[in-house]
4 protein chains.
Amino acid sequence: MVSSPAPSGYHAHRERQRQRILDAAEVLFDEHGIDRVSMADITSASGIRTSTLYQYFSKKDDIVWELVSELLASVGEQAMRRVDEAKTGLAKITALLEFMADELENEPGKVRFMAQFDAMYARDWPAERLLTLEERIHRQGFRSFGKLIRDGIADGSLRSDLDPTLTMQAIMNTVIGAQRRLASLGNKVEVEYKQPVSRLFRETIRLILLGLRSEKAPSVSKAASPSKISKRMNPKRSS
Amino acid sequence: MVSSPAPSGYHAHRERQRQRILDAAEVLFDEHGIDRVSMADITSASGIRTSTLYQYFSKKDDIVWELVSELLASVGEQAMRRVDEAKTGLAKITALLEFMADELENEPGKVRFMAQFDAMYARDWPAERLLTLEERIHRQGFRSFGKLIRDGIADGSLRSDLDPTLTMQAIMNTVIGAQRRLASLGNKVEVEYKQPVSRLFRETIRLILLGLRSEKAPSVSKAASPSKISKRMNPKRSS
Amino acid sequence: MVSSPAPSGYHAHRERQRQRILDAAEVLFDEHGIDRVSMADITSASGIRTSTLYQYFSKKDDIVWELVSELLASVGEQAMRRVDEAKTGLAKITALLEFMADELENEPGKVRFMAQFDAMYARDWPAERLLTLEERIHRQGFRSFGKLIRDGIADGSLRSDLDPTLTMQAIMNTVIGAQRRLASLGNKVEVEYKQPVSRLFRETIRLILLGLRSEKAPSVSKAASPSKISKRMNPKRSS
Amino acid sequence: MVSSPAPSGYHAHRERQRQRILDAAEVLFDEHGIDRVSMADITSASGIRTSTLYQYFSKKDDIVWELVSELLASVGEQAMRRVDEAKTGLAKITALLEFMADELENEPGKVRFMAQFDAMYARDWPAERLLTLEERIHRQGFRSFGKLIRDGIADGSLRSDLDPTLTMQAIMNTVIGAQRRLASLGNKVEVEYKQPVSRLFRETIRLILLGLRSEKAPSVSKAASPSKISKRMNPKRSS
DNA sequence: AATGAATGAGACTTCATTCAT
DNA sequence: GATGAATGAAGTCTCATTCAT
């Protein structure tokens, strides 16, 4: 039944099966929403039998969890890459936010998935799990984002009256909240606001950057221009 | 069985029963999350038998729907009151955002409920229903918020390069997104960010206001001070 | 709410309400099948409230029952009229069967309703009720049909080796069975047999008549021609 | 829990369970009528838990369907056997009809079950399903029954003015209709007609045969004599 | 390691009918 | 006589998960 021979060996096989499950689940979650997807759905989409599946993940939550953390790790890594390419503090933050705009445009399913995670799961999960997540991203340097503000103040691109940690955390929560809400509502936003989702989000970015930058910093373009970015931002799982 | 005689007559009775159901549901939704609450739960919390309940609401969704629209109407109305008390465009917007901060502090359950609605329901509900909602709030003048920006530009309190409609919509989505995310994560945010929820939210407000105000406008206080507000912001359903 | 004043008086009013219920039920039963129709359906179709309805019929079965007996009485009466117009025994029987063919063509809903009655209810109803029915029709002379055979033998139109009672009963059951099955299957028969329902039924009639008639009787037309008959065969209820 | 080890192996076990369900359902349907039987009834009669049952049949309809088609296949096969033993066209048709009489006598429950299927289900089922059924029987040669008429005309046992297809279809519908109505009404017929069910049915057969046979064919006995037939006519599902 | 089978718990909903006014 | 409200009893189906091979 399992065909692709590929890098053989017990361990390799197990990893391949695991991926098949996660890949199937991810697609289903993106399409139908986390709790509309049953284990049976994952079972049939992945071609792996129910009881076999339970040998890889002992609860449905574990699948969600794994997906969330892979997604976060991958996103964090990509974000860091974008940030590193920029020079000033302001430019770095701009790069970070634009990355999120691209994500919203290119991978709305994934963003929606995270929105559901926030709304339905995050609160009930043991803090320790959340912290594990934190660490993963931490390793990617996310937490060090506070430093971006500090740098920006130092290089004169950001206003000087900011509290680095607090500001950065507020920005992150805000932008994530805005992004995920847009992804959740999807085309309903367009019905409601009569604006394309991504235009609204880019306006959000513009406003925040306006609020951050020092008076002497060069002005921001009317609407942050969509940077052309490769469509690929999935965790490398799917090989 | 439970008596409260009160304004008698068929109609009054029916309305009272309806309220019992909605009240019970609201508490349960706030506490456990929309889809962790079953009809049976509502049944026993409200003291009304299952089949009776179905004579008031023929689907679980209808209860959710009713709650959402009552909540929105009430929130809209309160918001308008706060806005009307302020003078300049900037002050009005400030009042609006501070109202949301108060809401987050005083009624986190309700905000969380709306967050779940966004994440799990909004997308699947027929656009027409959403528009009905819109109208309810519209009547409250929510949509006219674009005017706030126009006024602010006119009175010199806001920067002049803003697109009134787009800006206002972006702000609303952003602040709602931030607010609801914080409510959803609840104390998990504090684990994650090591900051009280409301402090983060007020910093968000500050940043946005910084981005909006014209250069000559008076500076904003380090962190918007929590205005003392009555704890009561429930819809006055019970008449 | 009830408008038509018409022949007033308590009794008249009650009768009018009763008819509204029966009329609504009849339409619904014909369209959806007896047990797919709920009391609530009848309630809303008739514009009479549930609890009021129960003042007229204390069980759903009572409605079915009333409809069945009205239908049977009306059908019996019509049939007798047709029979009486014919002269010989053979002609009378022919008229009877052709009446049934017309019924199938013009009122398939009613025939289907009777088919469901046979299949689902008849068996479980107390014999006494069935006998009450019998009597109603009896009065119409149905039972005297055995006489038709006797007459036919006497006038030489029917073969002489028939047992009047047995034969007539067998014919009635057979033709009713064939007619109701065709009505039940509806267009499914056409899918299955690739013949119009009424053609099959008329062939049935032809065969039976062939079997009955004496050798010297005039031959029967290839397929009994559809006699043109008024569409009206409802019990006069609907005023 | 109930053991019967028998031909082991996954497949065999599954098949055995399936049979337990079908057997239980068949008995219940025969006794109480299709829609008076709930899934819970089948559950407890078969000793299989509700949720297990749903792994074998995902809807109640599927059980009905399976039973209908097994029954039809089995009946078709038996009928063919009987037909094949006869020589002339007339004799073959006679054999077929007598088989139906035996069925009515020996297996009234099954006939009644089919009657309910006709009255309540057939009309609502997708034509494609019905056609699948057709094919099953077709393979048994049912459809080729038209040939019986042709043969009968050729060998001089049937009158020559018959349209083979039309006639055969009309006969089949008629006889099935008569048979199933008698089974449905059960002992109520005896109340109504004061004749044993099977006597009425055999008279039906006699009349039809009278109508079919050519003038020179040997005459039919007053009432077709009940051929003694083994009581066993169940589908040999359990193989 | 893989998998077929089993299942407890419970979800949502419908319905005919009765009661009290 | 009319009616609003109430409801017990079922009914169908789903799901995450465990067990035994």
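Here are some notes:
- Each principal axis of the Cα cloud of the range C:153-201 was taken in turn, and the coordinate range along them, longest first, works out to 43, 17, 12 Å.
- Estimated FRET transfer efficiency when R0 is 30 angstrom, pair C:Asp41-B:Glu128 (beta carbons, to 0.05): 0.70
- Debye intensity ratio in log₁₀ form over the Cα atoms of the range A:47-118, taken at each q of 0.28 Å⁻¹: -1.19
- Dimensions of the range B:60-212 based on its C-alpha atoms, expressed as ranges along the principal axes with the largest first, amount to 48, 41, 24 Å.
- Within the shell defined by Cβ-Cβ distances under 9 Å, the residues around C:Gly186 carry a net charge of +2, with Lys and Arg each +1 and Asp and Glu each -1.
- Kirkwood-type radius of the range D:1-132, with distances r between different C-alpha atoms, in Å: 16.6
- Computed extension length for A:Ala86-A:Ser51: 7.7 nm, one decimal, from 0.36 nm per residue of separation with the Cα-Cα distance subtracted.
- Burial ordering of B:Ile48, C:Ile205, fewest other beta-carbon atoms within 10 Å first: B:Ile48, C:Ile205
- With viscosity 1.306 mPa s and temperature 10 °C, the Kirkwood radius over alpha carbon pairs of the range A:7-58 converts through Stokes-Einstein to a diffusion coefficient of 141 µm²/s.
- Averaged over the residues of C:196-209, the number of partner chain Cβ atoms lying within 10 Å of the residue Cβ comes to 5.
- Computed FRET value (nearest 0.05) for C:Asp62 with A:Asn187, which takes r as the C-beta separation and R₀ as 51 Å: 0.45
- The B:Arg18 and B:Arg136 beta-carbon pair, evaluated with R₀ = 25 Å, returns a calculated FRET efficiency of approximately 0.90.
- Average beta carbon contacts from partner chains per residue of C:156-169, 10 Å cutoff: 3
- Ascending count of other beta-carbon atoms within 10 Å, so fewest first, for A:Ser157, D:Ser214, D:Ser51, C:Ser38: D:Ser51, C:Ser38, D:Ser214, A:Ser157
- Using a 7 Å Cα-to-Cβ projection, D:Ser44 label spacings across copies, nm, ascending: 2.4, 3.2, 3.4
- Ordered by the number of other Cβ atoms lying within 10 Å of each residue's own Cβ, fewest first, A:Tyr54, D:Tyr10, A:Tyr193 fall into the sequence D:Tyr10, A:Tyr54, A:Tyr193.
- Modelled label positions at D:Glu31 and B:His11, each set 7 Å beyond Cα in the direction of Cβ, lie 5.5 nm from each other.
- Computed from backbone phi with θ = phi - 60° and the Karplus coefficients 6.51, -1.76 and 1.60, the 3J(HN,Hα) list for the range D:100-105 is 5, 5, 4, 4, 4, 6 Hz; x is used for glycine and proline.
- Too-long pairs where the Cα-Cα distance tops 28 Å, listed order kept, from C:Lys60/C:Lys194; C:Lys110/D:Lys110; C:Lys60/D:Lys188; B:Lys60/D:Lys59; A:Lys59/B:Lys194; C:Lys147/C:Lys188: C:Lys60/C:Lys194; A:Lys59/B:Lys194; C:Lys147/C:Lys188
- Axis-nearest residue in chain D [Cβ, rotation onto A], distance in whole Å: D:Ser51, 3
Taken together, the values in this text are just the output of simple stated rules run on the coordinates, not laboratory data. Please read these numbers as outputs of a predicted model, since none were measured by experiment. Cβ sites come from the backbone with ideal geometry, for glycine too, and all protein chains shown count toward neighbours.
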